[in-house]
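Have a look at the structure below before the remarks.
Values in this text are rule-based calculations from the coordinates and carry no lab data. Everything numeric here is computed off the predicted structure, so don't read it as measured data. As a convention, Cβ positions derive from the backbone with ideal geometry for all residues, glycine included, and neighbour counts pool all protein chains shown.
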Amino acid sequence: MTQINVITLFPEMIENATQYGLLGQCLRNQLLSVTTLNPRTFTSDVHKTVDDRPFGGGDGMVMLAEPLKKAVLDLRAKDQLGRLVYLSPQGRAWNNQRAEEFSKERKITLVCGRYGGVDQRWINWSGAEEVSIGDYVLNGGELGALVMIESLSRFLPGALGHDQSAHHDSFHLGVLEEPQFTRPRDFEGEVAPEILFGGHHAKIQDWKASVRLLVTLAKRPDLMTSQVTPEQKRKAAGIFLLMTSAEKAVLGLSHLSEEEVLKWKA
Ligand code: 6GU
């Protein structure tokens with residue numbers, strides 16, 4: 001079982017948001033345990049102060065080092081600390097590969113800042129590694145912690161249904177997933193791709209692999225990795241060149257030019 005501790009001034013944000021869907025199932029099935037600690041419970045003054053004005057002035061408040069230090073020491077004393085992370089926009093970027101790496105840890109502690117961040121000396125003292133979930137500013141680390149927890153939970157053995165695996169997900173293979181279709185066959189005049197109804201399992205799998213490459217080329221060419229072989233590219237190009245404009249449209253490939261795909265034929 002993976003143990004994740006979250007140090008946060010808003011424990012309900014973590015406790016509530018982890019109850020749903022596959023993540024909620026991971027918790028109920030004890031693949032994962034998430035506990036919260038509130039730095040406010042580690043204060044000693046009557047006002048339970050957790051922040052103060054920044055030295056030298058500036059916007060916002062800064063979280064005090066002491067309550068965060070006490071929270072970390074409390075976990076360490078119980079041998080529950082594990083890999084220590086501070087969530088901030090200054091951190092190293094999170095991605096699916098790091099989610100898989102973190103899923104192998106037995107214990108993780110995520111520290112959420114609020115206000116204008118935490119006293120730098122707490123970061124220095126704790127040796128926490130900093131993680132960012134993207135290039136935008138959040139009001140606190142809680143949503144980042146939830147993103148980390150949910151994305152790493154997908155890599156826990158038994159987290160996803162049988163036959164499913166985070167290793168088949170987008171990003172893991174360096175390509176996006178193919179579009180999905182279900183009933184009805186015709187929706188608002190758009191018809192699901194014919195090949196999906198033919199019952200040729202191997203042909204369908206081949207076609208899907210090509211569509212994934214085409215979708216990646218169309219939407220996220222930056223993701224295209226060298227893992228994709230020239231043979232796979234040639235196959236995908238061949239399929240694209242035979243598609244009708246209705247088929248391209250239903251797959252979201254209308255804006256992919258033949259010119260671009262032809263480079264794969266060379
Ligand atoms: Cl992980 N935390 C905070 N507070 N802001 C962020 C972030 C994390 N990632 C991007 N911005």
Practice problem: Give, as a single signed number, the net charge of other residues whose beta carbon lies under 13 Å from the beta carbon of residue 129, with Lys and Arg counted +1 and Asp and Glu -1. | Solution: 0
Quiz prompt | Distant-in-sequence amide H partners of residue 36 (H built 1.01 Å from N, under 5 Å) | solution = 6
Exercise. Counting residues in region 2-153 as N, plug N into 2.2 N^0.38 Å and put the Cα Rg over that result.
Key: 1.01
Quiz item: Hey, can you list the DSSP H helices of the chain whose Cα span along the axis is 24 Å or longer and whose average Kyte-Doolittle score is at least -0.5?
Solution: 201-219
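Taking R0 as 35 Å, what FRET efficiency do you get between residue 168 and residue 76 from their Cβ-Cβ distance, rounded to the nearest 0.05?
0.40
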Quiz item: Hey, which of these cross-link pairs are over 18 Å Cα-Cα: 78/104; 203/233; 233/263; 203/263; 70/104?
Solution: 78/104; 203/263; 70/104
Quiz prompt | Cα centroid of region 220-266 to Cα centroid of region 37-53, whole Å | solution = 57 Å
Self-check item: Diffusion coefficient, µm² s⁻¹, Stokes-Einstein with Kirkwood Rh over alpha-carbon pairs of the chain at 10 °C and 1.306 mPa s
Solution: 74 µm²/s
Self-check item: Built amide H within the under 5 Å cut-off of residue 84, gap 5+
Solution: 109, 129
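If you keep only loop residues by DSSP, which trypsin sites (Lys or Arg not before Pro) in region 164-266 have at most 16 other Cβ atoms within 10 Å of their Cβ?
Taking region 164-266 and a limit of 16 other Cβ atoms within 10 Å, the loop trypsin sites (Lys or Arg not before Pro) found are 185, 263, 265.
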Self-check item: Label-point separation in nm, residue 182 to residue 104, each point 7 Å along Cα→Cβ
Solution: 3.5 nm
Exercise. About the Cα centre of region 170-265, how large is the charge dipole given +1 on each Lys and Arg Cβ and -1 on each Asp and Glu Cβ? Please answer in debye to the nearest 20.
Key: 300 debye
Exercise. Could you pull out every one of the aspartates and glutamates with an alpha carbon less than 18 Å from that of residue 69, ignoring same-chain neighbours closer than 8 positions?
Key: 45, 51, 52, 79, 119, 129, 130
Exercise. Any chance you could run the full-extension gain for residue 229 through residue 97? It's 0.36 nm times the residue separation minus the Cα-Cα distance, nm to one decimal.
Key: 45.4 nm
Self-check item: Inter-site label distance for residue 204 and residue 129 at 7 Å from Cα along Cβ, in nm
Solution: 4.1 nm
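Add -39500 (n - 2.57) for each DSSP H run of 4 or more in the chain, then divide by its residues: what number comes out at 222 nm, to the nearest 500 deg cm²/dmol?
One gets -10500 deg cm²/dmol as the mean residue ellipticity at 222 nm.
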Quiz prompt | Shape parameters for region 193-241, alpha-carbon atoms, Rg then Dmax in Å | solution = 11.4, 34
Exercise. Please figure out what share of the DSSP beta bridges in the chain is antiparallel and state it in percent, rounded to the nearest 5.
Key: 20 percent
